[in-house]
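Q: This is the structure, below, for whatever I ask next.
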There are 2 protein chains.
Amino acid sequence: MKLTPVMEKFILHWGEMGWRWGINRSVAQVHALLMLAPKPLPADEICESLDVARSNVSNSIKELQGWGLVRVVHVFGDRREHFETLRDVWEMFLIILRERKKREIDPTLHALRECATEAAKSKDADHTTERLAQLIEFMELSSNWADKAQALSPTSAKRLCQLGDKVFRLVG
Amino acid sequence: MKLTPVMEKFILHWGEMGWRWGINRSVAQVHALLMLAPKPLPADEICESLDVARSNVSNSIKELQGWGLVRVVHVFGDRREHFETLRDVWEMFLIILRERKKREIDPTLHALRECATEAAKSKDADHTTERLAQLIEFMELSSNWADKAQALSPTSAKRLCQLGDKVFRLVG
DNA sequence: TGGTTATTTCTGTAATTACAGAAATGTTAT
DNA sequence: ATAACATTTCTGTAATTACAGAAATAACCA
């Protein structure tokens, strides 16, 4: 697929942003390309469009599949696997939220709890145990929040966002 | 400052997590240490505790100051600068939210809008313009949401999180 | 079966990033 | 001023990460 300047620009930017959030640039670029593609793409078209090695695409796709952001599709009369990403931005967002919670928030909470237990046992300084307790409280609330948000349907998530002010006025 | 095993464990984990979110490991470790420290620390104590080079600490601190997460404090009778981080986890969270919005969401929205304008001009495929429009809508809502969240006081943010179910029941 | 094409895994290299130590700069005191 | 210490910036190296190309594996077909 030959890219237009707009597509190139978007793909470059998406790669850059993904990278800032700890996602490999190529992975984010493949994702960006699939978002723009009007139909599922086979790996070699991705190589060609992005001008990267076949192996790179293979690994990037695998990574995106690990996130649940890319699926395989078979095209009639074509032996190659074609790849597509979700069409709904909100659904993608919820998936990423779910994954990052699982990969980062949960282990952090677990580690913090271990730290707190050990700190109590080993009589660490009051300041340490207190600080850990604050962090645990924060992470627990975040965790609950993420659980609930992640369980929303894409449309509910969008509606909640659109509610905007209403939500914040609950506490403001 | 001699670290206890609990402190070490926490610092290591915090460094790891920060790193997964695109923050340099040393930077996150310095931040972790300052969170645990009962009082502001001078740079050389940080070197010693974390066993890293002085220059590394200097740069890490500068980075954290850039985020607004670390401040300089002067201690009577000591020429050295001492560093402390915020005591309130929620305030830290709001600051990070604000910064990341500024650094990542805003530029993305800007780039997306440029893409959309250029796509219209250059008659890119309908699919492309449509996809960009969806992304823009999503990023705009996220941006508004982040603006409002970021403007909350730490206590309000906490209260909003504690409200939990109530908020989600607005749409669920 | 062997031939053909698709895909993954392996291997080496290039590029980037992290970071220690040295040098330079700035600061305070005498 | 210059000595003593504090801090930042520079420079080279080590470690990691990214990634192309080759080799291996798998899938399909005739």
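Q: Could you pull out the residue among A:Arg103, A:Arg169 that is more than 7 Å from every other protein chain (Cβ to nearest Cβ), out of contact with any helix residue (DSSP H, G or I) (no Cβ under 9 Å at 6 or more places or on another chain) and of a type in the set (Lys, Arg)?
A: The unique qualifying residue is A:Arg169.
Q: From the list B:Gln29, B:Gln65, pick out the single residue that is outside the structural domain of B:Gln162 (by TED's automatic domain parsing) and either within 13 Å of DNA strand C (Cβ to nearest atom) or modelled with pLDDT under 95 (or both).
A: Result: B:Gln29 is the single residue among B:Gln29, B:Gln65 that is outside the structural domain of B:Gln162 (by TED's automatic domain parsing) and either within 13 Å of DNA strand C (Cβ to nearest atom) or modelled with pLDDT under 95 (or both).
Q: Something else: Mind telling me which of the residues B:Gln150, B:Gln162 ends up being of a type outside the set (Phe, Trp, Tyr) and more than 9 Å from chain A (Cβ to nearest Cβ)?
A: On inspection, the qualifying residue turns out to be B:Gln150.
Q: If you don't mind, there's one more thing I want to ask. Looking only at the range B:10-47, filter to residues that are polar (S, T, N, Q) and assigned to a helix (DSSP H, G or I); which one of those is surrounded by the most Cβ atoms within 10 Å (Cβ to Cβ)?
A: Only one residue fits best here, namely B:Gln29.
Q: Inside the range B:119-136, can you point out the residues that are within 22 Å of A:Thr85 (Cα to Cα) and at the interface with chain A (Cβ under 8 Å from one of its Cβ atoms)?
A: Result: B:Ala119, B:Asp124, B:Ala125, B:His127, B:Thr128, B:Arg131, B:Leu132, B:Gln134, B:Leu135.
Q: Among the residues of the range B:51-100, which ones are more than 16 Å from DNA strand D (Cβ to nearest atom) and in a helix (DSSP H, G or I)?
A: Residues satisfying the conditions are B:Val89, B:Trp90, B:Glu91, B:Met92, B:Phe93, B:Leu94, B:Ile95, B:Ile96, B:Leu97, B:Arg98, B:Glu99, B:Arg100.
Q: Ok, one more. For the range B:93-106, check the following and say yes or no: at least one residue is in contact with a His (Cβ under 7 Å, 6 or more places away or on another chain) and outside the structural domain of B:Trp67 (by TED's automatic domain parsing).
A: Looking through the range B:93-106, none of the residues is in contact with a His (Cβ under 7 Å, 6 or more places away or on another chain) and outside the structural domain of B:Trp67 (by TED's automatic domain parsing).
Q: Which pairs have Cβ atoms under 8 Å, sit 6 or more apart or on different chains, and link a residue in the range A:93-111 that is in contact (Cβ under 8 Å) with a residue 40 or more places away in the chain to one that is of a type in the set (Phe, Trp, Tyr)?
A: Listed by first residue and then by second, the contacts come to A:Phe93/B:Phe138.
Q: Return yes or no: is B:Glu81 within 16 Å of DNA strand C (Cβ to nearest atom), among the acidic types (Asp, Glu) and closer than 30 Å to B:Ala37 by Cα?
A: Here the answer is yes, as B:Glu81 does meet what is asked.
Q: Any chance the range B:37-50 includes a residue that's more than 14 Å from chain A (Cβ to nearest Cβ) and away from DNA strand D (no atom under 11 Å from the Cβ)?
A: The answer is yes; a qualifying residue exists.
Q: Okay, moving on. Answer yes or no: is there a residue in the range A:61-74 that is over 30 Å from B:Arg25 (Cα atoms), in contact (Cβ under 8 Å) with a residue 12 or more places away in the chain and surrounded by fewer than 20 Cβ atoms within 10 Å (Cβ to Cβ).
A: Scanning the range A:61-74 turns up at least one residue that is over 30 Å from B:Arg25 (Cα atoms), in contact (Cβ under 8 Å) with a residue 12 or more places away in the chain and surrounded by fewer than 20 Cβ atoms within 10 Å (Cβ to Cβ).
Q: Within the bounds of the range A:49-57, is there any residue that is under 23 Å from B:Phe138 (Cβ atoms) and out of contact with any Cys (no Cβ under 8 Å at 6 or more places or on another chain)?
A: Checked against the condition, which is being under 23 Å from B:Phe138 (Cβ atoms) and out of contact with any Cys (no Cβ under 8 Å at 6 or more places or on another chain), the range A:49-57 yields no hits at all.
Q: Being in contact (Cβ under 8 Å) with a residue 12 or more places away in the chain and away from chain B (no Cβ under 14 Å) is the filter; apply it to the range A:75-92 and report the residue that is farthest from B:Phe10 (Cα to Cα).
A: Only one residue tops the list, namely A:Asp78.
Q: May I ask you to say which residue of B:Ala111, B:Ala32, B:Ala53, B:Ala116 is away from every other protein chain (no Cβ under 12 Å) and small (Gly, Ala, Ser)?
A: Of the residues listed, the single one that is away from every other protein chain (no Cβ under 12 Å) and small (Gly, Ala, Ser) is B:Ala53.
Q: Does B:Val6 qualify as being in a helix (DSSP H, G or I), among the β-branched types (Val, Ile, Thr) and within 12 Å of chain A (Cβ to nearest Cβ)?
A: Taking the combined requirement at face value, the residue satisfies it.
The values are calculated or read from the model by the stated rules, or taken from the named source; none is laboratory data. Quick caveat: nothing in here was measured; it's all calculated off a predicted structure. Here Cβ is always computed from backbone atoms with ideal geometry, including for glycine, and neighbour counts include all displayed protein chains.
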